[in-house]
Amino acid sequence: MPENAEYQAITCLKCGGALDFREGERNILCKSCKTMFAATGEAGITRFYLEEKLKFPDARSAARKFIATGGVDEEVAQSLHFQASELCFLPFWRLLGYAIGWRWMEKETVVKEQEVDENGRTYEVEKRGANEVSFETVATRVDFSSPACDLSSYGLRGIATVSAVLPLKGICYESLAKRSTVFDPVKPSEQVRKEALALARSGLKQKDMLRMENELTLSDERLALISYPVWKLSFTLKDRIYPVVVDGINGNILKARFPGRSKIRLFAPMFIITLAAFLLAFNMLLGTLVTVILFYYIACLEKARRSGAALDDFLGVWTEGPSWDGLMMFLFRLIERGKEVEHG
Amino acid sequence: MARSQDLWLVPIVCPECGRGLPAKEDDVIFFCAACQAAWELSGDNLARRELFVVSGAGNLQFPFWVFPFKVTTPDGNFDTLEAFHILIGNVNPVPETQRGKPPLLFAPAFSSGRPQQMLRTGKLLTVRNPSLTVAKRQLTGTSPITLGEAAAKEMARIIAITTITSERQKNLRFVKSLSLQFGRGRLCIIPFDLRENRLFNAEFNLEI
């Protein structure tokens, strides 16, 4: 993707001036020619995007900085090669409005009654009273944000605060798609409404409630689809690819995976060799048996590898199968790679 | 995916005189002072809406959607003001001229940070159901109209339920069986006076 690619933004229809939108606003004033416009979209849903504040070199620097400080082994960090970058716009639903309706509740009540014991002393006892029924109206503001597709691989969960603060741009899919990957929403708008109402409904529950019925509906709804920028970078080490997702607004690392630190392992190989040598020196039969078990163990690991089990946990870098090279590597390997560094 | 543009901009200009209409960021109704006409965005165009100012004294003018409506319950139909008074337990007599008319439901057309207050305002006006007299004066200093007819109708349904007597509200079967039918909404501006942080309308004998 060219770094300085030109693209067309939604501009004033009268003077061509740039237009900045604020979340939840229905109308927009062109600051240049003072013309007022009503913003709308398909099915009344407005589509905006947040312009990336981080350009590609900054995103790569942020990723490199994370690699240097995020627990990745120094040698591994130096061996990682930058491979590719992709600017992605991830869709989020934003819903503002009111959740209004009613709540009908049946509650348990407790009544205190005075009783007299055989000595004539009065004491209080708590007894279950008649159930109390109440009805009340509900009206709350709704401020809901939800990913419009599965974004778990990008490590981004919500954009409520950012989209409320930063100016939005009107989206023009074709022009934006020329310089980036624009993800389409998978989750339908009706689902977002249901989720927002379910969230509002969850706040209605009360203690000691036996039964509750409610009816909630959305009013003065402002539903918008906001695309959020992230940089998806990939680094390579040998044949493996390590992805890094960088927030296109603030440069935070949202998701990353890197090879772990290398550790020196002395105990396992030295113990096995010493044991075999000791047994062979004092008891030839036992020594031969241990050596056979050792070979059998290696064969089992190979079988496990072929069936798809993760061998790295057992053998570190050795995944080549039961060969003499493999055996020697297992016995004399002093450096073991730790678990991968994962973020987000 | 073939989409030319995902955000449409409609210039807010009076379709009759071509003047730019003043609008705030949340407005859904735009008022042309020169033509004394109200306009609402409908698709890609501005469509005319009926708007009238209710007579009365007051410096603050609040917009409301007024819907004629009909309530159907297992106990029968409540489609006149007189029948509605029975449903809500209002003992005030209905003037002879108003008896056969459909009840009017008042839903706020303005936004507030306190949505419960919006429901309460709508309830008080609906219970009072004042007869509206159109004032012969120009519209000035009105609160922004931020709720469209569809949004107001959603609110109107809840307002209607709040007006019925509390004993009937506690009857879950009754509340669930309520069926409401609304007629076409009209916008009206009601003047209020502000006294000690409360809104007064002397004509309707109303305090909010």
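Derivation of every value follows stated rules applied to the coordinates shown; laboratory data play no part. All of these numbers come straight from a predicted model, not from anything done at the bench. Cβ coordinates were reconstructed from backbone atoms using ideal geometry, including for glycine residues, and neighbour counts include every protein chain displayed.
Put simply, the amide H of A:V182, placed in the peptide plane, has neighbours under 5 Å in A:F89, leaving out anything fewer than 5 places away on its chain.
Computed from backbone phi with θ = phi - 60° and the Karplus coefficients 6.51, -1.76 and 1.60, the 3J(HN,Hα) list for the stretch B:177-194 is 8, 4, 10, 10, 10, 10, x, 5, x, 10, 8, 9, 10, 10, x, 9, 10, 9 Hz; x is used for glycine and proline. At most 11 other Cβ atoms within 10 Å plus a DSSP loop assignment makes a site exposed; report the longest stretch of chain B without any exposed trypsin sites (Lys or Arg not before Pro). Segment B:1-135 is the longest.
Per-residue counts of other Cβ atoms within 10 Å, averaged by peptide: what ranking do you get for B:187-193, A:16-22, A:144-150, highest first? Please report the intermediate quantities before stating the final value.
Details: B:187-193: 21.0, A:16-22: 15.1, A:144-150: 18.1.
By packing density, highest mean first, the sequence is B:187-193, A:144-150, A:16-22.
Could you tell me whether the protein assembly as shown comes out rounded, prolate or oblate from its Cα gyration tensor? Rule is a ≥ b ≥ c as square roots of the eigenvalues, rounded for a/c under 1.5, then prolate if a/b exceeds b/c, otherwise oblate. Cα axes put the protein assembly as shown in the oblate bin.
Using only the Cα atoms of the stretch B:43-179, build the gyration tensor, take square roots of its eigenvalues as a ≥ b ≥ c, and label the shape rounded, prolate or oblate: rounded if a/c is under 1.5, else prolate if a/b is larger than b/c, else oblate. Verdict is prolate for the stretch B:43-179. Counting only DSSP H runs of at least 4 residues, each contributing -39500 (n - 2.57), and dividing by the residue count of chain B, the helix-based mean residue ellipticity at 222 nm comes to -6500 deg cm²/dmol. Kindly express, to the nearest 10 degrees and within the range 0 to 90, the angle between helix B:115-128's C-alpha long axis and the longest C-alpha principal axis of chain B. With both axes taken from Cα atoms, the answer is about 60 degrees.
Partner shielding of B:9-21 amounts to 4, given as the average count of beta-carbon atoms from other chains within 10 Å of each residue beta-carbon. Using every pair of separate Cα atoms, the Kirkwood estimate puts the hydrodynamic radius of the stretch A:45-107 at 16.7 angstrom. Comparing B:P93, B:P130, B:P144 in a Gaussian network model of chain B where C-alpha atoms under 10 Å apart are linked, the largest mean-square fluctuation is found at B:P93.
Rank these for me by crowding, A:Y49, A:Y242, going from fewest to most other beta carbons within 10 Å.
Details: A:Y49 26, A:Y242 22.
Ordered from fewest to most neighbouring Cβ atoms within 10 Å, A:Y49, A:Y242 come out as A:Y242, A:Y49.
Residue-wise HN-Hα couplings along the stretch A:23-38, as the Karplus relation 6.51 cos²θ - 1.76 cosθ + 1.60 with θ = phi - 60° gives them from phi, are 4, x, 6, 9, 10, 9, 9, 6, 5, 7, 10, 6, 8, 9, 10, 9 Hz; Gly and Pro carry x. Measuring between alpha carbons in the structure, every pair from A:K107/A:K205; A:K65/A:K232; A:K31/A:K169; A:K55/A:K169; A:K14/A:K169; A:K55/A:K178 lies within 19 angstrom. For the stretch A:41-166, a/c is not less than 1.5, where a ≥ b ≥ c are the root eigenvalues of the C-alpha gyration tensor, and a/b does not top b/c. That puts it in the oblate class. Between the stretch B:13-30 and the stretch A:203-246, the C-alpha centres lie 36 angstrom from each other. What separates the Cα centres of the stretch B:93-122 and the stretch B:154-182 is a distance of 14 Å. Between the amide H of A:L19 and those of A:C12, distances stay under 5 Å, these residues lying 5 or more places away or on another chain, with hydrogens modeled in the peptide plane.
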